[in-house]
1. Could you please let me know if Pro174 is open to solvent by 50 Å² or more (accessible area, probe 1.4 Å) and more than 29 Å from the chain's Cα centre (by Cα)?
2. Identify all residues within the stretch 100-147 that are under 22 Å from Phe185 (Cα atoms), touching an Asp or Glu at 6+ places or on another chain (Cβ under 7 Å) and modelled with pLDDT under 95; write none if there are none.
3. Only residues that are of a type in the set (A, V, I, L, M, F, W, C) and in contact (Cβ under 8 Å) with a residue 24 or more places away in the chain: list them for the stretch 118-156, please.
4. Just checking, how many residues over the stretch 376-416 are open to solvent by 10 Å² or more (accessible area, probe 1.4 Å), within 30 Å of Leu507 (Cβ to Cβ) and within 17 Å of the chain's Cα centre (by Cα)?
5. Please pick out the residue among Asp286, Asp327, Asp311, Asp293 that is within 23 Å of Ala500 (Cβ to Cβ) and open to solvent by 40 Å² or more (accessible area, probe 1.4 Å).
6. Condition test on Ala491, is it in contact with a Ser or Thr (Cβ under 8 Å, 6 or more places away or on another chain) and over 21 Å from Leu358 (Cα atoms)?
7. Suppose we filter Gly438, Gly456, Gly443, Gly476 for residues that are on the phi > 0 side of the Ramachandran plot and in contact with a Pro (Cβ under 8 Å, 6 or more places away or on another chain); which single one remains?
8. Provide a single number: the residues in the stretch 85-99 that are of a type outside the set (A, V, I, L, M), assigned to a strand (DSSP E or B) and surrounded by 22 or more Cβ atoms within 10 Å (Cβ to Cβ).
Amino acid sequence: MATHPHQHSHPHPHRPGPTWTTTRRITRPRPSRATLAALTTVTALTTLTAACTPPASAHPDQPGRPGHSARPPTSASLEGVWRTDGYGSLVTIGGRQLRTYETTAVSCLPGSVRGVRTGPPGAGGRADFAVPDGARITVVPRGDDAARLSIQDNVGHRTLHRIAELPARCHQRPAKDPRTVFDVFWRTYAENYPFFAAKKTDWSAVRDRYRPRVTARTTDDELFAILREMIAPLHDGHTRLSAGPGRVYAGARPGTTVPTPAFLKQVDAAIAAGLGPGVTRQQWADGALSYADLPGRLGYLRITSFHGYTDREDHDSDVAELDRALDAVFTKARTSGPKALRGLVVDLRLNGGGSDRLGLRVAARLTGRSYLAYRKHARNDPADARKFTPDQPARIRPHDGPRYTGPLALLTGPLTISAGETFTQSLLGRTPAPARIGENTQGVFSDTLDRTLPNGWKFALPNEEFLTADGRTFDGTGIPPTVRTPVFAPADLASRRDPALARARALLSADRPERP
């Protein structure tokens, strides 16, 4: 979750439908899925959308009445009202319906996602919920008063705790005046954003500065400008505010170049020249995935997004298309024997993000041993940004089939975003370690927490940290290269040069150990 940016020949636009959190992606116009992948602005939007169903005692299409508790649970029953650890959400399950509410200390608003149970309960009381335009949600009881909620395209799970009933505030129509909108916006960041200290931002001081400017007569344009000014100094690519046509803000690290069609055309020309004459690239997912064999038994794999590989735009279809591409790339001939690859270049420089699970799926083709990819946790105390949910490890487990385990070079840059970065992070523990060539990645790893304000405006922010084995994060700074080389500098593009690709080929050609 995340979400979500993502791809260039590549990323493709963030799907408008709600989904609980996850895939992160960059939005942009939509020509081909490939060019789409990089026309992604610098904001990875994964959605943590919610949908909340009434307790079993209520009408199936209406929230429970204030003060009316849920049906007494039976053993391992999921019926009732649940609170998430972290993520500021409530979940209700009643009959075949799952819905969520987005909460803060001053608000409780219905989420935009509704899940419908598919099939009978599974082993241990497991329930699967289909979400229109979103990833499947699975809830598994952990006794009478706890459960785990997983999102199909997300890494990890959410812990749920049973509560007696929905708070009365959840049944009330929220006020839509400018000050209420301001308060919900400020409070959501105050309770969920993990990086105020790292960004050297006093969020209480931000409230004290801006709230006096908001009155009952504040116009929509004025309010949008105020909210934008509050978060712009965070320079965070996973912050976003959408208040209708002409009023959209997406954060980015200073100096980030937003791809344009002309820029992408230059990039493609420079890469083609860097690959050399006579080199043909196979393509899948409308160009979001491509591969070429290079002289000297080198391979070049370009991934410009981790989602949106087919017109169906669902996770199962993405998995099938990704596996089809990986099966074609990582053949027995390329991974073992006398004609095996001596080195592989993986190009992530225009990867706008998507599903972390797809990144782990690629990493499984690049190792012969199991190892820790990263750990993740979410902020879990509204008053203390230093407290998080328990760490959840994500591991790389070798693919059951041909795998490439030789020398690897990763090409990264500031348009390596979100799931493109978590994939990069997942390879830090690989043996042999990859050479990272280029520039720092964007520095936005968390799935995004997607929220709606009382007046209907949409916004997003990160609420998680992705940790290395020794507890470090790369949020803000991005993952640095081991070999610093300019990425798509204007002069290089004008001359159709790709120094990062050239450096990767030279390093892999210089180190040509025979494969066992």
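The values are calculated or read from the model by the stated rules, or taken from the named source; none is laboratory data. Model, not experiment: these values are computed from the prediction. Cβ sites come from the backbone with ideal geometry, for glycine too, and all protein chains shown count toward neighbours. These area figures cover heavy atoms from the full protein model, side chains too; ligands, DNA and RNA do not enter into them. Shrake-Rupley method; radii C 1.70, N 1.55, O 1.52, S 1.80 Å.
1. Numbers: open to solvent by 50 Å² or more (accessible area, probe 1.4 Å): yes; more than 29 Å from the chain's Cα centre (by Cα): yes.
Judged against the criteria, Pro174 is a match.
2. Gly111, the sole residue that qualifies.
3. We begin by selecting, within the stretch 118-156, every residue of a type in the set (A, V, I, L, M, F, W, C); these are 123, 127, 129-131, 135, 137, 139-140, 146-147, 149, 151, 155.
The answer is Ala127, Phe129, Val131, Ala135, Ile137, Val139, Ala147, Leu149, Ile151, Val155.
4. 2
5. Result of the check over Asp286, Asp327, Asp311, Asp293: Asp293.
6. Working: in contact with a Ser or Thr (Cβ under 8 Å, 6 or more places away or on another chain): no; over 21 Å from Leu358 (Cα atoms): yes.
No: the conditions fail for Ala491.
7. Numbers: Gly456 fails: in contact with a Pro (Cβ under 8 Å, 6 or more places away or on another chain); Gly443 fails: in contact with a Pro (Cβ under 8 Å, 6 or more places away or on another chain); Gly476 fails: in contact with a Pro (Cβ under 8 Å, 6 or more places away or on another chain).
Only one candidate qualifies: Gly438.
8. Taking the stretch 85-99 first, the residues of a type outside the set (A, V, I, L, M) are 85-89, 92, 94-97, 99.
Then keep just the ones that are assigned to a strand (DSSP E or B); that gives 89, 92, 94, 97, 99.
Narrowing the set further to residues that are surrounded by 22 or more Cβ atoms within 10 Å (Cβ to Cβ) leaves 89, 92, 94, 99.
Selection size over the stretch 85-99: 4.
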